Amino acid sequence: MKNSIVVEDLSFRYEIAKEYTLRDINFRAMPGEFILLIGPSGCGKTTFINTINGIIPHVLKGILRGDVVVSDGENEYVVRETPIKTLATVVGTVFQDPETQFFTLSVLTELAFGPENLMLPPKEIKRRIDFAVKATGIEHLLQKSVFDLSGGQKQRVAIASALTMMPKILILDEPTANLDPQGAKEVLKVIDRLVRELNITVILIEHRLEEVSKYADRVIVMNKGEFIAEGPPRKVFGDPHIVDVLYDIGIRPPWHIEILHRISQKRSVNIDDVPLTIEEAAKILAGILPKKSISNEPRRLRELEKYYENLSKRRKVIEIRNLWFVYPDGTVALKGINLDIYEGEFVGIIGQNGSGKSTLCLTLLGLYRPSHGYVKVLGKDVSKMSLAEMSKSVGMIFQNPDLMLFQSTVWNEIAFGPRNLGLPAEEIAMRVKESLKMMRLEEYKDHTPRALSRGQRHRVAVASILSMRPRILIADEPTTGQDYGSCREYLELLRRLNEEQNMTILVVSHSMDIIGKYAKRVIVMKDGRILADGPTHKIYENIKMLMETDLEQPRVTQIVKELKKYGFQLPPVLTAEEFLEIVDEIFR
Amino acid sequence: MGAGTEYIKSLFIGFVFTPVFFVVINAIGYEFQVFLLFKGMPITIHQVAMWLLLMPEESRGMVGLVGTTLAWIMGWLLAWSRSRNTNMTILAIITSYFLYIIYLVSFWRIPIIIYLPEGLVPIISSIIAVYLFALINKYRPKKTIFDLLKRVGIIFPEAWKKPYNLPLKCPKCGAVLHSSPKYCWNCYSDIEEILGGGKS
């Protein structure tokens with residue numbers, strides 16, 4: 001069988017860069033192969049896929065050495081010599097930020113755009129749209145404007161529009177980053193179906209390794225522009241040396257593999273099998289753990305209930321009463337929200353796509369005025385405050401950091417807010433230096449923000465907010481598009497701001513693991529209402545309620561539940577550390 | 001929006017639109033030959049300002065007085081409707097009166113004579129009109145977002161429209177709640193159902 005992609009001795013350097021982003025890459029992919037490409041932020045993953053879809057060298061210029069050849073099964077195309085419009089019929093791409101690939105205003109016209117440009121007959125266009133719509137489950141979005149979609153919905157539309165081109169190679173750059181857990185599962189199943197049934201070659205860049213590793217035929221680990229490891233998932237994640245390398249470069253192996261790895265290291269137990277699913281992991285654990293029931297909850301969780309009950313002793317920083325918000329098109333996004341947030345809280349806001357999480361945050365920020373009810377921040381009614389006043393109290397880091405970056409240098413970017421407050425030059429310089437230091441960006445102060453990696457751009461966005469010294473910080477989807485290392489670094493920073501400066505932190509996320517690890521209080525939203533609000537572990541225990549919102553328990557909690565089938569009675573846990581605490585107790 | 005901004009907004013709208021309304025009233029009157037403020041003659045900006053201050057003799061006749069007062073009232077009601085700040089609008093009315101005088105004196109060197117009591121009729125009428133509209137607006141039943149949604153067939157349970165005094169206590173287990181959620185975090189009971197809420 002012919003290879004669908006052949007890459008030989010590929011090196012690439014951007015025009016403005018001093019170093020090569022890709023170095024001597026050799027790679028082959030077969031039709032119907034599902035390849036998972038992993039690596040830290042800024043390692044060259046996106047550059048690599050751009051050499052396959054033709055964006056490099058046709059759009060992004062630089063020095064390209066070596067060859068990339070793609071095949072549709074009948075013909076072979078040398079990427080550097082083939083026009084991008086021809087390549088588009090062979091290689092479909094779904095980018096990290098779906099907005100960058102929308103051309104039209106409505107979902108339906110967006111889906112029709114690609115096939116129309118291939119001059120296909122209307123019947124064929126309709127057939128392709130029907131197929132793509134069904135595959136991605138977006139029937140209800142067809143008549144909507146692309147601007148009215150939530151982040152997750154946009155991503156589904158982007159995948160569907162790539163599918164309408166019926167490509168033989170599909171490249172997906174973190175397609176599930178904006179999706180809720182159930183949405184992500186559905187999309188991965190669709191991608192897997194495309195591979196198995198339509199024999200499409202898929203290259204997937206993804207940080208959610210737990211879910212995707214069971215589908216992948218091959219995992220490629222990339223670092224500093226090179227492929228440093230390659231093989232089937234069980235081989236890559238089962239090799240202790242590769243796992244150590246993964247940790248070194250800031251990649252966390254799938255959680256269930258990591259936990260077994262840590263137990264085997266600590267207890268000197270030999271574990272030969274490499275699990276790719278939670279069920280497999282529970283089976284292996286049941287085989288190595290002495291059968292024992294533990295009733296004590298981990299200490300942190302015991303304290304959470306008391307913490308939640310005593311919150312009202314603190315100063316109230318956000319007061320929301322009977323808040324309703326209706327978009328101009330009549331969509332009722334918030335339906336009677338009553339909520340108090342107290343000083344120094346670390347709150348996680350979770351919920352499926354379109355549940356009203358982001359709208360709630362934008363209302364808190366004063367960008368959206370309530371249609372009914374009120375929002376008070378630090379005792380002041382938000383609708384009576386100017387945006388300049390609000391920016392001193394609340395800061396928000398958006399899902400897409402690029403929306404916040406528009407200055408020529410990192411220094412100017414961070415100084416922009418304080419300058420607009422009319423602060424003296426010495427005060428501005430002091431605040432900028434402090435923010436640069438906190439975000440470890442000193443060495444990039446003269447760089448152009450947009451030339452930095454996504455993780456670094458995220459840090460610049462946070463620094464630009466920190467320089468305003470807000471009392472409340474809202475982080476919308478902080479884990480999107482970040483490797484585990486950057487993600488942990490970012491969340492640790494939020495934790496530090498919360499603990500050391502008593503800053504109130506609100507994190508909106510789909511990552512149940514991240515929220516479980518950092519948030520003490522969780523608010524679950526569904527259809528513009530608060531479904532539940534309480535201490536994190538109590539909310540996570542209620543599986544029925546989580547299922548109602550297309551969310552799922554963190555993997556570690558699921559493993560504990562799975563272990564019950566093998567006769568283990570264990571208390572709920574939210575983090576790997578808490579699980580290891582329980583394992584220690586079992587071995588004691 | 002602060003009071004200062006609302007004042008500037010009122011002043012700008014009232015100062016600009018009162019002369020505009022005056023000219024429009026004049027034009028309509030001319031069209032139907034019923035309300036001839038200038039006997040069908042072309043009019044300049046400073047003449048409009050003079051008419052607004054009721055300085056020409058013919059402006060103080062019944063037709064002139066009614067037409068000018070109507071222009072003042074319309075201009076300032078428009079200004080109030082945009083700023084919704086009654087006190088600032090009244091302050092803007094007084095300011096604009098002096099601005100017309102300053103304009104005539106400084107640009108056209110026209111000696112100002114205010115004929116009393118007619119000269120104050122437009123300004124006092126506009127102040128009374130703004131007050132009356134503010135009062136009517138205060139006491140008339142307001143359309144809420146729920147009325148608008150009801151009109152398009154979207155109805156929500158009454159329990160959802162109530163503001164709650166927080167923290168609440170779960171009616172079943174007594175757990176503290178810092179919001180008004182559907183489910184209690186402690187006993188997982190459906191609080192909405194217990195409190196007689198319901199579904200959308």
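What follows is calculated from the coordinates using simple rules that are stated; it is not laboratory data. Since we're looking at a predicted model, the values are computed, not measured. Every residue, glycine among them, receives a Cβ derived from its backbone with ideal geometry; neighbour counts consider all protein chains shown.
Select from B:H178, B:L135, B:L116 the residue farthest towards the positive end of the dipole of chain B; place +1 on Cβ of Lys and Arg, -1 on Cβ of Asp and Glu, and compute about the Cα centre.
Projecting each Cα onto the dipole axis, the largest value belongs to B:H178.
Listing A:I539, B:I136, A:I242 from the residue with the fewest other Cβ atoms within 10 Å to the one with the most, what is the order?
Lowest to highest Cβ neighbour count: B:I136, A:I242, A:I539.
How about A:K380: which aspartates and glutamates have a C-alpha closer than 13 Å to its C-alpha, ignoring those fewer than 8 places off in the same chain?
Within reach: A:E319, A:E389.
With θ taken as phi - 60° and the coefficients 6.51, -1.76 and 1.60, list the Karplus ³J(HN,Hα) couplings across region B:56-71 in order, rounded to whole Hz; mark glycine and proline as x.
Whole-Hz 3J(HN,Hα) from phi for region B:56-71: x, 4, 5, 5, 8, x, 4, 5, x, 4, 5, x, 5, 4, 4, 5.
Kindly provide the trypsin sites (Lys or Arg not before Pro) of region B:52-146 that DSSP labels as loop, not H, G, I, E or B, and whose Cβ sees at most 15 other Cβ atoms within 10 Å.
B:R84, B:R109, B:K142, B:K143
Go ahead and estimate [θ] at 222 nm for chain A from helices alone: -39,500 (n - 2.57) per DSSP H run with n ≥ 4, summed, over the residue count, rounded to 500.
-12000 deg cm²/dmol
Using the Cα atoms of the protein assembly as shown, I'd like the radius of gyration and the largest Cα-Cα distance, Dmax, both in angstrom.
32.5, 109
Below 8 Å between Cα atoms, with a sequence gap of 6+, how large is the relative contact order for chain B in percent?
The value is 20 percent.
Under 8 Å for C-alpha pairs, at least 6 residues apart: give me the relative contact order for chain A, rounded to a whole percent.
About 15 percent, as a whole number.
Would you mind computing, in nm to one decimal, how far apart the modelled labels at A:Y247 and B:L91 are, each placed 7 Å from Cα along Cα→Cβ?
Each label point lies 7 Å from its Cα, and together they span 6.7 nm.
Shielding by partners for A:530-541, please: the mean number of other protein chain Cβ atoms within 10 Å of each residue's Cβ.
Mean number of neighbouring Cβ atoms from other chains: 5.
Give me the inter-chain shielding for B:168-179: mean count of other chain Cβ atoms within 10 Å, whole number please.
4
Restricting everything to alpha-carbon atoms, can you work out Rg to Rh for region A:371-521 with a Kirkwood hydrodynamic radius?
Reported Rg/Rh, Kirkwood definition of Rh: 0.96.
So which chymotrypsin sites (Phe, Trp or Tyr not before Pro) in region A:510-588 pass both tests, a DSSP loop state and at most 11 other Cβ atoms within 10 Å of the Cβ?
none
List every residue whose amide H lies under 5 Å from the amide H of A:F346, counting only residues 5 or more places away in sequence or on a different chain, with H placed 1.01 Å from N in the peptide plane.
A:I505, A:K520, A:R521
Ignore the peptide's own chain and count Cβ atoms of other chains within 10 Å of each Cβ in A:329-342; give me the average, rounded.
The mean count of partner-chain Cβ atoms within 10 Å per residue comes to 4.
Label 7 Å along Cα→Cβ of A:D217; region A:1-23 residues with amide nitrogen under 13 Å?
Those under the cut-off are A:1-5.
Estimate the FRET efficiency between A:E426 and A:E389 by the formula 1/(1 + (r/R0)^6), using the beta-carbon distance for r and 25 Å for R0, to the nearest 0.05.
0.60
On a 0 to 90° scale, report how tilted helix B:121-139 is relative to the longest principal axis of chain B, with both axes built from alpha carbons and the result rounded to the nearest 10.
10 degrees
Between A:N199 and A:K437, what FRET efficiency follows from the Cβ-Cβ distance if R0 is 45 Å, with the result rounded to 0.05?
Once the sixth-power term is evaluated, E becomes 0.30.
Leaving out same-chain residues fewer than 8 places away, which aspartates and glutamates sit with a Cα under 14 Å from that of A:K134?
Of all the aspartates and glutamates, those that pass the test against A:K134 - Cα under 14 Å, at least 8 places apart if same chain - are A:E186.
Run the paramagnetic zone check for A:D9: 7 angstrom along Cα to Cβ, then residues of region A:204-234 with backbone nitrogen under 20 Å.
A:225-228
Could you compute the net charge surrounding A:N75? Neighbours are other residues with a C-beta less than 11 Å from the C-beta of A:N75; K and R count +1, D and E count -1.
Its environment carries a net charge of -1.
Quick one: which of A:K235/A:K291; A:K214/A:K564; A:K306/A:K526; A:K154/A:K357; A:K520/A:K544; A:K45/A:K357 span more than 19 angstrom between C-alpha atoms?
Among A:K235/A:K291; A:K214/A:K564; A:K306/A:K526; A:K154/A:K357; A:K520/A:K544; A:K45/A:K357, the Cα-Cα distance tops 19 Å for A:K235/A:K291; A:K214/A:K564; A:K306/A:K526; A:K520/A:K544; A:K45/A:K357.
For A:E230, what residues show an amide H to amide H distance below 5 Å, using hydrogens built from the backbone and excluding near sequence neighbours?
Close amide H contacts, sequence-distant or interchain: A:V221.
How many lysine pairs are close in region B:114-200, with Cα atoms under 24 Å apart and the two 8 or more places apart or on different chains?
So the count of such lysine pairs works out to 25.
Work out from phi, with θ = phi - 60° and the Karplus expression 6.51 cos²θ - 1.76 cosθ + 1.60, the ³J(HN,Hα) of each residue of region A:50-66, listed in order in whole Hz, and give x for Gly and Pro.
5, 7, 8, 7, x, 4, 9, x, 6, 10, 8, 8, x, 9, 10, 10, x
Need the C-alpha centroid separation for region A:412-486 versus region A:335-379, integer Å.
24 Å
Based on Cα positions only, what radius of gyration and what Dmax would you give for region A:501-569, in angstroms?
Just the Cα atoms of region A:501-569 yield Rg and Dmax of 13.3, 45 Å.
Mind giving me the nanometre distance, one decimal, between the label points for B:A27 and B:K161, set 7 Å out from Cα along Cα→Cβ?
4.4 nm
Give me the Debye-computed log₁₀ of I(q)/I(0) at q = 0.14, 0.15, 0.19 Å⁻¹ for region B:3-139, equal point scatterers on Cα only, no solvent, two decimals.
Results for region B:3-139 at q = 0.14, 0.15, 0.19 Å⁻¹ read -0.61, -0.70, -1.07.
When the Cα centres of region A:226-248 and region A:12-56 are compared, how far apart do they sit, in Å?
Cα centroid to Cα centroid, the span is 18 Å.
How large is ³J(HN,Hα), in whole Hz, for each residue of region B:14-24 in order, when computed from phi with the Karplus curve 6.51 cos²θ - 1.76 cosθ + 1.60 and θ = phi - 60°, using x for Gly and Pro?
3J(HN,Hα) across region B:14-24, in whole Hz: x, 5, 7, 7, 4, x, 4, 4, 4, 5, 5.
If I take R0 = 25 Å and measure r between the Cβ atoms of B:V20 and B:F98 in this structure, what FRET efficiency does the formula 1/(1 + (r/R0)^6) give, to the nearest 0.05?
Computed FRET efficiency for B:V20 and B:F98 comes out at 0.80.
For the modelled label position 7 Å from the Cα of A:Y327 along Cα-to-Cβ, which residues of region A:455-479 have backbone nitrogen atoms closer than 19 Å?
Under 19 Å, as judged by backbone N against the label point of A:Y327, lie A:476-477 of region A:455-479.
Given a cut-off of 15 Å, what percent of all Cα-Cα pairs of region B:149-194 lie beyond it?
47 percent
State the Cα centre-to-centre distance between region B:105-171 and region A:122-195 in whole Å.
48 Å
Take A:D381 and A:F147, extend 7 Å from each Cα along the Cα→Cβ direction, and tell me the distance between the two endpoints in nm.
3.0 nm
Would you pull out the residues with amide H under 5 Å of A:L36's amide H, same chain only if 5 or more places away, H placed 1.01 Å from N?
A:L204, A:D217, A:R218, A:V219, A:I220
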